[in-house]
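A.B. asks: Pasting a structure here, questions to come.
The values are calculated or read from the model by the stated rules, or taken from the named source; none is laboratory data. Note that this is a predicted model, so its numbers are computed, not measured. Don't worry about glycine lacking a Cβ; one is built from the backbone with ideal geometry, like all the others, and counts go over all protein chains shown. Calculation scope for accessible area: heavy atoms of the full protein, side chains included, ligands and nucleic acids excluded. Shrake-Rupley method; radii C 1.70, N 1.55, O 1.52, S 1.80 Å.
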Amino acid sequence: MKIFVYHTPELTPTDEAPECAIAVDVLRATSTMATVLAAGGEAVQVFSDLDLLMEVSDKWPAEKRLRAGERGGGKVAGFELGNSPLDCTAELVQGKRLFISTTNGTRALQRIQDAPIVLAAALINRAAVVQFLLEKQPETVWIVGSGWEGSFSLEDTVCAGAIAHSIWQQTNSPLEELAGNDEVSSAIALYSQWQNDLLGLFHQASHGQRLLRLKCLEDLKYCSQTDILDVLPIQQEPGVL
Ligand code: 3SL
């Protein structure tokens with residue numbers, strides 16, 4: 001297995017594709033997706049465009065759908081949900097499809113949706129993703145951070161590092177064999193430094209600070225936990241996990 005880390009969707013090569021591509025948006029889209037699926041959601045369908053989301057979800061039975069929309073960290077008017085994983089209780093999401101559009105996370109998933117295997121990862125479901133990779137042994141894996149509007153984000157890179165670190169430890173592979181690019185070593189170094197204080201790292205991250213200004217401390221605390229959900233968000237058809 002060769003792992004490549006890309007800090008943003010824009011940095012992924014356009015002329016090649018991996019066997020397995022993983023979108024990461026720890027704050028908060030992929031944390032929300034993992035939470036919905038772990039709580040019994042039927043599926044998560046992602047959109048970058050809000051109008052298209054409305055058009056497609058309108059055709060779904062109203063009692064079996066939820067619409068989640070986030071722009072600039074806030075909830076989109078008229079949607080049942082924003083992008084807080086804490087709102088996605090089993091009572092609310094069980095048996096329902098979540099139609100979701102967020103600023104960066106859904107864009108990252110759409111960028112990689114043509115890969116043969118597409119996953120969504122966050123810290124909360126890191127172990128399930130690692131377990132899948134160890135069993136499946138894809139030849140090439142891209143871990144793609146969502147970033148923020150094209151820029152690097154600490155929280156996505158630390159999650160990429162958490163995934164790569166776990167695989168490295170469990171396979172005993174020399175890092176130079178496992179790492180397809182320098183970003184892998186740097187992500188592992190970031191995770192190694194912060195693994196015992198991920199919430200502290202989120203407080204330093206620009207998007208963490210943005211969410212704190214929006215009074216989302218509880219979301220930061222929840223998303224900073226590692227390996228708490230045994231769920232593997234895996235793409236069933238383009239855009240649907
Ligand atoms: O950018 C995104 O996709 C969101 O996860 C951002 S937020 O955490 O909902 O503000």
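A.B. asks: Does L241 satisfy the condition of being open to solvent by less than 40 Å² (accessible area, probe 1.4 Å), of a type outside the set (G, A, S) and over 21 Å from R107 (Cβ atoms)?
C.D. replies: It is false that L241 is open to solvent by less than 40 Å² (accessible area, probe 1.4 Å), of a type outside the set (G, A, S) and over 21 Å from R107 (Cβ atoms).
A.B. asks: Looking only at segment 189-227, filter to residues that are within 16 Å of F152 (Cβ to Cβ), in a helix (DSSP H, G or I) and of a type in the set (A, V, I, L, M, F, W, C); which one of those is nearest to the chain's Cα centre (by Cα)?
C.D. replies: Checking each candidate, the answer is F202.
A.B. asks: Please go through segment 61-91 and give me each residue that is away from the ligand (no atom under 16 Å from the Cβ), open to solvent by 50 Å² or more (accessible area, probe 1.4 Å) and of a type in the set (D, E, K, R), ordered by number.
C.D. replies: Selection gives E63, K64, E91.
A.B. asks: Any residue in segment 167-180 that is more than 16 Å from M1 (Cα to Cα) and aromatic (F, W, Y)? It would help to see each step written out before you state the result.
C.D. replies: Applying the first criterion (more than 16 Å from M1 (Cα to Cα)) to segment 167-180 yields none.
Looking through segment 167-180, none of the residues is more than 16 Å from M1 (Cα to Cα) and aromatic (F, W, Y).
A.B. asks: Let me spell it out: the conditions are (1) touching a Lys or Arg at 6+ places or on another chain (Cβ under 8 Å); (2) not in a loop (DSSP other than H, G, I, E, B), and I3 meets all of them except one. Which number is the exception?
C.D. replies: Looking at each condition in turn, I3 falls short on (1).
A.B. asks: Is it fair to say L198 is open to solvent by less than 60 Å² (accessible area, probe 1.4 Å), closer than 22 Å to N125 by Cβ, touching a Phe, Trp or Tyr at 6+ places or on another chain (Cβ under 8 Å) and modelled with pLDDT of 95 or more?
C.D. replies: Numbers: open to solvent by less than 60 Å² (accessible area, probe 1.4 Å): yes; closer than 22 Å to N125 by Cβ: yes; touching a Phe, Trp or Tyr at 6+ places or on another chain (Cβ under 8 Å): no; modelled with pLDDT of 95 or more: yes.
Considered against the rule, which asks whether it is open to solvent by less than 60 Å² (accessible area, probe 1.4 Å), closer than 22 Å to N125 by Cβ, touching a Phe, Trp or Tyr at 6+ places or on another chain (Cβ under 8 Å) and modelled with pLDDT of 95 or more, L198 comes out as no.
A.B. asks: Now for a different question. Restricting attention to segment 15-60, which residues are open to solvent by less than 10 Å² (accessible area, probe 1.4 Å), within 30 Å of L217 (Cβ to Cβ) and among the polar types (S, T, N, Q)?
C.D. replies: Once the filter is applied, which keeps residues that are open to solvent by less than 10 Å² (accessible area, probe 1.4 Å), within 30 Å of L217 (Cβ to Cβ) and among the polar types (S, T, N, Q), segment 15-60 yields T30, S31, T32.
A.B. asks: Do we have R126 as open to solvent by less than 50 Å² (accessible area, probe 1.4 Å) and in contact with a helix residue (DSSP H, G or I) (Cβ under 6 Å, 6 or more places away or on another chain) here?
C.D. replies: Details: open to solvent by less than 50 Å² (accessible area, probe 1.4 Å): yes; in contact with a helix residue (DSSP H, G or I) (Cβ under 6 Å, 6 or more places away or on another chain): yes.
Yes: the conditions hold for R126.
A.B. asks: Moving on to the next point. Just the residues that are at negative phi, within 15 Å of the ligand (Cβ to nearest atom) and surrounded by fewer than 14 Cβ atoms within 10 Å (Cβ to Cβ), please, taken from segment 215-230.
C.D. replies: Filtering segment 215-230 down to residues at negative phi leaves 216-226, 228-230.
So of that shortlist, the ones also within 15 Å of the ligand (Cβ to nearest atom) come out as 216-224.
Residues satisfying the conditions are E218, K221.
A.B. asks: Check off (1) touching a residue at least 12 places away in the same chain (Cβ under 8 Å); (2) under 27 Å from E42 (Cα atoms); (3) of a type outside the set (F, W, Y) for E237 and give me the number that stays unchecked.
C.D. replies: Checking E237 against (1) touching a residue at least 12 places away in the same chain (Cβ under 8 Å); (2) under 27 Å from E42 (Cα atoms); (3) of a type outside the set (F, W, Y), the one that fails is (1).
A.B. asks: Now a separate question. Working only within segment 54-100, note down all residues that are farther than 24 Å from I124 by Cβ and either hydroxyl-bearing (S, T, Y) or assigned to a helix (DSSP H, G or I) (or both).
C.D. replies: M54, E55, V56, S57, D58, A62, E63, K64
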